[in-house]
Amino acid sequence: MIEFKAVSKQYPTGQLALYNVNLSMQQGEMAFLTGHSGAGKSTLLKLIALLDSPSDGIVTIAGQNTQSINKRKIPAFRRNIGVIFQDHHLLKDRNVFDNIALPLKIEGMRPHDIKRRVRAALDKVDLLKKEKEYPQMLSAGEKQRVGIARAVVNKPSIILADEPTGNLDPDLALDIMHTFKQFNEYGSTVLIASHDHALIKDMKKRIIVLRKVKR
Amino acid sequence: MASTYKPANSPSRVLLSHHKEAIDFSLSHLWQSQLSTWITLAAIAIALSLPASLYLLLQNLKTLTDDKREVPTISLFIKQSITEQQARDRGELLQELSEIDKVIMVPKSEALEDFRNITGFAETLETLDENPLPHVLVVTPHMDLFGEPELDMTKLARKLEGYPEIDLVQMDIEWVQRLRGILRIAERAVMLISLLLGLTVLLVIGNTIKLNVESRKEEIDVAKLIGATSSYIRRPFIYSGIWYGLFGGVLSLVIVHLALYSLVPAVEELARLYGSSFQIGGLGFKMTLYILLASSLLGIIGAWIAVGRHLRSTTLP
Ligand SMILES: Nc1ncnc2c1ncn2[C@@H]1O[C@H](COP(=O)(O)OP(=O)(O)O)[C@@H](O)[C@H]1O
Ligand SMILES: [Mg+2]
């Protein structure tokens, strides 16, 4: 499902974020990505989500070399990947419901179905009571969960999460991890960047370690 | 990519819902920022109402010149050596020409009578032993056949000069003719003004949408992150452009018609004084539609340019 072959990423600033990364994930697999801060976890997820392109090597998603995907097809491709960003990226001027509904609206789903799906997603992250509230009224943890709900609401084939439990207390963090596990059991391939070693050990899933590039 | 468990949405239904969403969104956006919306609409309406009212002025002046009684005539003075009968025959032959509507024969005797009746001339005429006036054929050309009346009038005059019986051709180019000429120039000027003010509308809308895009930059980037296509992102802005153009157009029509109806009593009074049945005319259905279409189109183009610039400048692939 996800394959990296000798992938390197150097930012225009000259910063080498990834060097010679080889990685393979099966469809339906769930794995954790760890490494020190600055090891390139976020960069690796961005390459999968087609938010950036490798400077060297080949990234293959669902059998497609990401470099050779037609530019016009990128949005459709991206809709099959749910991303939970480190800095949640919620829209300030829309309430929780509308934020989560965004991917479904982009897909052109019927309002009736949107309502059902958004409620289901809200239920999973335990935020049903907050659907009318605006992001600035939410705690950091709640924002994070809204971000998760938005990423999974359209049932993407791949779910990527960048430090999704960074702002959550341990109990909630474990809850969220189990929610991801559930999505994985429904068939999604899940890759979570996290440096919460204790937590990911408990999950008993594959752990991929990124070592910081030495220059 | 595996997406078998996704409900199949037919592309046309998806597109329909996208349009509906964009319409709802753009309208509510206009509604939310009422003050700036009205300012923009006023700017557009003023820019549009100027060419529209100039056009209206021209149209009304044109109907003045379209008056059939005002069709110019050509007087043909017949040579002295030609008899009255010969002149009459020539008149009848001319009548057959397609460019000519009618020919009236004014024999020299009749002309002399007319002259006598004009006071002051009677005594002068008594001193002459013979009638110095020529027979005259008064020709009314067929205006319908004429594309450029002025040009064709001279062409016809030159043709008439060629007949052997005719001494002199005199065109009665009256004020109507001159006005027509002026109107043709004015028409071009209005066209140019319309073009410039159309450009103004384009800039006003483009700039408004640009500010709009900038204030929603974050939203656009997020939408891109979660897989929105360029056309999905562009659509609500295009609709905003349409609304600005359309509503601005409607407002300009209101302004033009208010101005028009405030003029009606004065014009009617003036027409009555001159014994004319002239009536002020409105824009008409076709022109109204045309103005609204043009302004909406300007809105689309302005919005397209404004959003296009942003879509290209963004850092995301
Ligand atoms: N947009 C960027 N431009 C330049 N350098 C970047 C950019 N994003 C990340 N980096 C650098 O690349 C390296 C890897 O960053 P990142 O992928 O964010 O690591 P992690 O998520 O594991 O902390 C870091 O040294 C970081 O400073
Ligand atoms: Mg990171």
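The values are calculated or read from the model by the stated rules, or taken from the named source; none is laboratory data. Treat the numbers as computed from the prediction; the structure is a model and nothing was measured. Cβ: placed from backbone, ideal geometry, glycine included. Neighbour counts: every protein chain shown. SASA here: full protein model, heavy atoms, side chains in, ligands and nucleic acids out. Shrake-Rupley method; radii C 1.70, N 1.55, O 1.52, S 1.80 Å.
Of note:
- Unsatisfied cross-links (Cα-Cα over 18 Å) in the set A:LYS105/A:LYS130; A:LYS181/A:LYS201; A:LYS41/A:LYS105; A:LYS5/A:LYS46: A:LYS105/A:LYS130; A:LYS41/A:LYS105
- Within 10 Å of each Cβ in A:97-107, the average number of Cβ atoms from other chains: 3
- Prolate/oblate/rounded call for segment B:74-172, Cα gyration tensor, a/c under 1.5 rounded: prolate
- Against the criterion of solvent-accessible heavy-atom surface with a 1.4 angstrom probe, B:TYR290, A:TYR134 sort, most first, into B:TYR290, A:TYR134.
- Packing-based order for A:33-42, A:138-147, using average beta carbon neighbours within 10 Å, highest first: A:138-147, A:33-42
- Only Lys, Arg (+1) and Asp, Glu (-1) charged, at Cβ; chain A dipole about Cα centre in debye: 560
- Put simply, when A:86-99, B:183-196 are sorted by average Cβ atoms within 10 angstrom per residue, most first, you get A:86-99, B:183-196.
- Prolate/oblate/rounded label for chain B (Cα gyration tensor, a/c 1.5): prolate
- Averaged over A:75-83, number of beta-carbon atoms from partner chains that fall within 10 Å: 5
- The convex hull of the Cα atoms of chain A, projected and averaged over all directions, covers 12.0 nm².
- Stretch gain in nm, segment A:LYS5-A:LYS212, where the contour uses 0.36 nm per residue and the Cα spacing is subtracted: 72.7 nm
- Over segment B:158-317, the hull volume per residue, using the convex hull of the C-alpha atoms, is 183 Å³.
- Taking amide hydrogens as placed 1.01 Å from N in the peptide plane, the amide H of A:VAL83 sits under 5 Å from those of A:LEU160, each at least 5 positions away in sequence or on another chain.
- With K and R counted +1 and D and E -1, the other residues having a Cβ less than 14 Å from that of B:ALA87 yield a net charge of -2.
- Fraction of the pair-distance distribution of segment B:245-306 above 18 Å, Cα-Cα pairs, percent: 51
- Loop-located GluC sites (Glu not before Pro) in segment B:96-138, at most 15 other Cβ atoms within 10 Å (DSSP): B:GLU96, B:GLU130
- Spin-label model, A:LYS129/B:SER81: points 7 Å from Cα along the beta carbon direction are separated by 11.9 nm.
- By a 1.4 Å probe calculation restricted to protein chains, B:TRP304 has an accessible surface near 130 Å², given to the nearest 10.
- Long-range HN-HN contacts of A:ALA17 with modeled amide H, under 5 Å: A:LYS9, A:GLN10, A:TYR11
- In summary, the aspartates and glutamates within cross-link reach of B:LYS159, defined as a Cα separation below 12 angstrom excluding same-chain residues under 8 places away, comprise B:GLU99.
- Ligands, DNA and RNA excluded, the heavy atoms of A:LYS212 present near 120 Å² of accessible surface to a 1.4 Å solvent probe.
- For the residues of A:50-56, the average number of beta carbons from a partner chain within 10 Å of their own beta carbon is 2.
- For chain B, the membrane-span-like helix rule (DSSP H, alpha carbon extent of at least 20 Å along the helix axis, mean Kyte-Doolittle at least 0.5) picks out B:34-65, B:175-215, B:230-273, B:284-313; this says nothing about an actual membrane.
- Theoretical FRET efficiency, 1/(1+(r/R0)^6), r = Cβ-Cβ of B:SER231 and B:GLU113, R0 60 Å, to 0.05: 0.15
- Histogram of C-alpha separations across the protein assembly as shown, 10 Å bin width, %: 3, 14, 17, 14, 10, 8, 8, 7, 6, 5, 4, 2, 1, 0
- Of the whole protein surface, A:SER8 contributes about 10 Å² of accessible area at a 1.4 Å probe radius.
- Model label zone, A:THR60; criterion: amide N under 14 Å from point 7 Å along Cα-to-beta-carbon; scope segment A:15-31: A:22-27
- Shown in residue order for segment A:149-155 are the 3J(HN,Hα) couplings computed by the Karplus curve 6.51 cos²θ - 1.76 cosθ + 1.60 at θ = phi - 60°: 4, 5, 5, 9, 4, 9, 6 Hz (x for Gly and Pro).
- Local electrostatic count at A:GLY82 - Lys and Arg +1, Asp and Glu -1, tallied over other residues with Cβ under 11 Å: +4
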